[in-house]
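Report on the following structure.
The values are calculated or read from the model by the stated rules, or taken from the named source; none is laboratory data. Please read these numbers as outputs of a predicted model, since none were measured by experiment. Note that each Cβ is placed from the backbone with ideal geometry, even for glycine, and that neighbours are counted across all protein chains shown. Ligands, DNA and RNA are excluded from the accessible area calculation, which covers all protein heavy atoms including side chains. Shrake-Rupley method; radii C 1.70, N 1.55, O 1.52, S 1.80 Å.
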Amino acid sequence: MTRERPDRTLAIGLDWIEQHCVVPDGFKRGRPFRLYDFQLRYLAAFYLVKGTAEWDPDDPQLGPAFVYRRGLLADPQKKGKGPLSSAHVCLEGAGPALFAGWAGPGDGYSCRANGCGCGWEYAYEIGEPMGMHWPTPLIQITALSEEQTDNIYGALRPMIELGPLADVIPATGEQFIRLPGGGRIDTVTSSAQSRLGQRVTFVPQDEVGLWTEANRMMKVADTQYRGLAGMGGRASLTTNAWDPAERSVAQMQYESRARDVYRQFIQPPANLSYRNKVERRRIHRLVYGEALKENGGHVDLDAIEAEAADLLERDPAQAERFFGNRIVYGQGSWLKQDVWPFGKAARPATDGFPKSKVCGGFDGSLNNDFTAIRLETVDGVVFTPRYGPDRRPTIWNPAEWPGEEIPRGEVRAAISEVFDVYDVERFYFDPEDWESEIDAWAAAHGEKRVLYWRTNRITPMYDALRRIETDLITGTLLSDDCPITQVHVANARKVAKAGQKYVLGKPNEHQKIDAAMATILAHEAAADARIDGWGRRKVAYAYSA
Ligand SMILES: [Zn+2]
């Protein structure tokens, strides 16, 4: 009879770190490095071994023994991500970082047998995972700039030099560190394209909230993941909270559905405001927790408050991300997070009910941007309707259709269904690339209902933006939770125009805003219609003779 084995952490690795790594700086410099609970929790997950893992000494199964292929840790500035990564590099470079089978009676690990003179020994419990060293560890500490790789590398050198690891790793250089067995630790940035990802066994990727397609770090990450996959190696990603309009590596890894990525990111409760001094202090207490001096840690709360206050004046969104550990949209984003109804989405009471009263907005395209239809109910809920036998949402991504073109037949069918199902009062269409269809719809459904509304006119567009912004802030307008619209709203950036006006633009070609534009058009149609009496109760005057 076989009994199923539970997943278990390679605990020896965590003990090995506390035994061999030392505090790299500060008053406790040179003393044994003690992992905080948040660091322990992260490493315990990173080194979680699958209960089903098998080990064959002639063909050691490397990376796949672990539950997670990579880890992502998002925590505020100065909490201790850098020293954690340095300690992690030490373990992967010179400690028992790999699974080496399940322990039986009398099994143990001794430093002496592994080239370390410190005399440490570890006795395994029966059934716990055993550890072994990488034969030739190749580690690339990777960041956007050399200054950032120094956050880890700068802590790594004293961590090795001032403790027992100095015996194992005799030379730590300015540029790289040679490891036993012909291994090495390098620092790389995007400028080192040729060396990236070659036969790497461990890659700490730092500040991945800043890694984007535009600065070529997205490609760096992919190259390294491919290299790691070939070696059975793994990556550890660390970051501050990110700007969700940037579509960074941090965001992609956090939002991806992959189940073999471990994500550790605890945001403060949404009801606490970072602008309010008292609440800000509570947020800092929550996100720094055990790392604060008042709790026995290294972080001075007052110093953090002072730095945060300083940065708040220059860049409030960045201050909230850096010290408040919150995902916040950057400056220039169209709507602030708390304005768009993320998380408290409304369900239109009338959606799907035949002949309910709506107004509509349409933003069309040929094959580059999305084409989108959004509707607004008479009581002020904007939503993405569905159409056809599969009840598809009325937002079309050309990349998902044959020839990578907008399926115009589908769009025509959807428009026809909207006019059939709903009592459409007014529908605004951005006519670009769709004039002939729109003219046909006007002929079919009436020129008072089907109207051109060109979004490239600065003043009307600015007025429409101010109107929808006000109505969102006051709660007069609510939105459904359409995920594509959420992303497009988040992508939308303000583009300054003369006369202190602005319109909306996309941050780059890959970040679309069409569903946001259709939303603005639907609301503009509804707001104009209300002025003309739409939805007003008909007053009946009765005259008696
Ligand atoms: Zn040792």
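Annotations
- Considering residues of region 196-226 that are under 21 Å from TRP134 (Cβ atoms) and among the aromatic types (Phe, Trp, Tyr) only, the residue most open to solvent (accessible area, probe 1.4 Å): TYR225
- Search result, residues across region 156-195 that are crowded, with 20+ Cβ neighbours inside 10 Å and either away from the ligand (no atom under 16 Å from the Cβ) or over 15 Å from GLY95 (Cα atoms) (or both): LEU156, ILE177, GLY183, ILE185, THR187, VAL188
- Residue that is nearest to VAL67 (Cα to Cα) [pool: residues in region 273-294 that are free of Cβ contacts under 8 Å to residues at least 12 places away in the same chain and among the aliphatic types (A, V, I, L, M)]: LEU292
- Test set (1) assigned to a loop (DSSP other than H, G, I, E, B); (2) at pLDDT 95 or above; (3) more than 24 Å from the chain's Cα centre (by Cα) - ASP58 fails condition number: (2)
- Filtered residues of region 426-451 (kept if open to solvent by 80 Å² or more (accessible area, probe 1.4 Å) and over 22 Å from ALA492 (Cβ atoms)): SER436, ASP439, ALA443, GLU447, LYS448
- From GLN148, GLN140, GLN175, residue being in the same structural domain as GLY13 (by TED's automatic domain parsing) and modelled with pLDDT of 95 or more: GLN140
Quick grid of which residues meet (1) aromatic (Phe, Trp, Tyr); (2) under 21 Å from ALA440 (Cα atoms); (3) within 29 Å of the chain's Cα centre (by Cα):
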{"residue": "CYS359", "(1), (2), (3)": "no, yes, no"}
{"residue": "PHE362", "(1), (2), (3)": "yes, yes, no"}
{"residue": "ILE373", "(1), (2), (3)": "no, yes, yes"}
{"residue": "PHE383", "(1), (2), (3)": "yes, no, yes"}
{"residue": "ARG386", "(1), (2), (3)": "no, no, yes"}
{"residue": "ARG392", "(1), (2), (3)": "no, no, yes"}
{"residue": "ILE395", "(1), (2), (3)": "no, yes, yes"}
{"residue": "ILE406", "(1), (2), (3)": "no, yes, yes"}
{"residue": "VAL411", "(1), (2), (3)": "no, yes, no"}
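- Note on region 83-114: residues that are closer than 30 Å to ARG326 by Cα and open to solvent by 20 Å² or more (accessible area, probe 1.4 Å) amount to 1.
For every residue, the table says whether it meets (1) buried (at least 17 other Cβ atoms within 10 Å of the Cβ); (2) assigned to a helix (DSSP H, G or I); (3) of a type in the set (D, E, K, R); (4) at pLDDT 90 or above.
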position: PRO354; (1), (2), (3), (4): no, no, no, no
position: ASN367; (1), (2), (3), (4): no, no, no, no
position: GLU376; (1), (2), (3), (4): yes, no, yes, yes
position: ASP390; (1), (2), (3), (4): no, no, yes, yes
position: ALA414; (1), (2), (3), (4): yes, yes, no, yes
position: PHE419; (1), (2), (3), (4): yes, yes, no, yes
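- Among the residues of region 235-272, the ones that are assigned to a helix (DSSP H, G or I), touching a Phe, Trp or Tyr at 6+ places or on another chain (Cβ under 7 Å), of a type outside the set (Phe, Trp, Tyr) and at pLDDT below 95 come to 1 in all.
- The conditions of being touching a residue at least 12 places away in the same chain (Cβ under 8 Å) and of a type in the set (A, V, I, L, M, F, W, C) are met by ALA319.
- Taking the conditions (1) within 30 Å of the chain's Cα centre (by Cα); (2) assigned to a loop (DSSP other than H, G, I, E, B) in turn, LYS28 satisfies each one other than (1).
- Taking first residues from region 101-127 that are over 27 Å from THR52 (Cβ atoms) and partners that are small (Gly, Ala, Ser) and more than 10 Å from the ligand (Cβ to nearest atom), the Cβ contacts under 7 Å between residues at least 6 apart in sequence or on separate chains come to GLU121/GLY108.
- Those residues of region 90-125 which are within 16 Å of the ligand (Cβ to nearest atom) and among the hydrophobic types (A, V, I, L, M, F, W, C), in sequence order: CYS90, LEU91, ALA94, ALA97, CYS111, ALA113, CYS116, CYS118, TRP120, ALA123
- Residue, farthest from the ligand (Cβ to nearest atom), within region 128-150, restricted to residues that are more than 22 Å from ALA229 (Cβ to Cβ), open to solvent by 20 Å² or more (accessible area, probe 1.4 Å) and in contact with a strand residue (DSSP E or B) (Cβ under 6 Å, 6 or more places away or on another chain): GLN148
- ALA74 being under 18 Å from ALA143 (Cβ atoms), open to solvent by less than 10 Å² (accessible area, probe 1.4 Å) and within 16 Å of the ligand (Cβ to nearest atom): no
Yes/no matrix, rows are residues, columns are (1) open to solvent by less than 70 Å² (accessible area, probe 1.4 Å); (2) in a helix (DSSP H, G or I):
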| residue | (1), (2) |
| --- | --- |
| THR455 | yes, no |
| THR459 | yes, yes |
| LEU465 | yes, yes |
| ILE468 | yes, yes |
| ILE484 | yes, yes |
| VAL487 | yes, yes |
| ALA490 | yes, yes |
| LYS494 | no, no |
| TYR502 | yes, no |
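- Residue selected from region 1-25 under the condition more than 16 Å from the ligand (Cβ to nearest atom) and of a type in the set (Asp, Glu), by the criterion farthest from the chain's Cα centre (by Cα): GLU4
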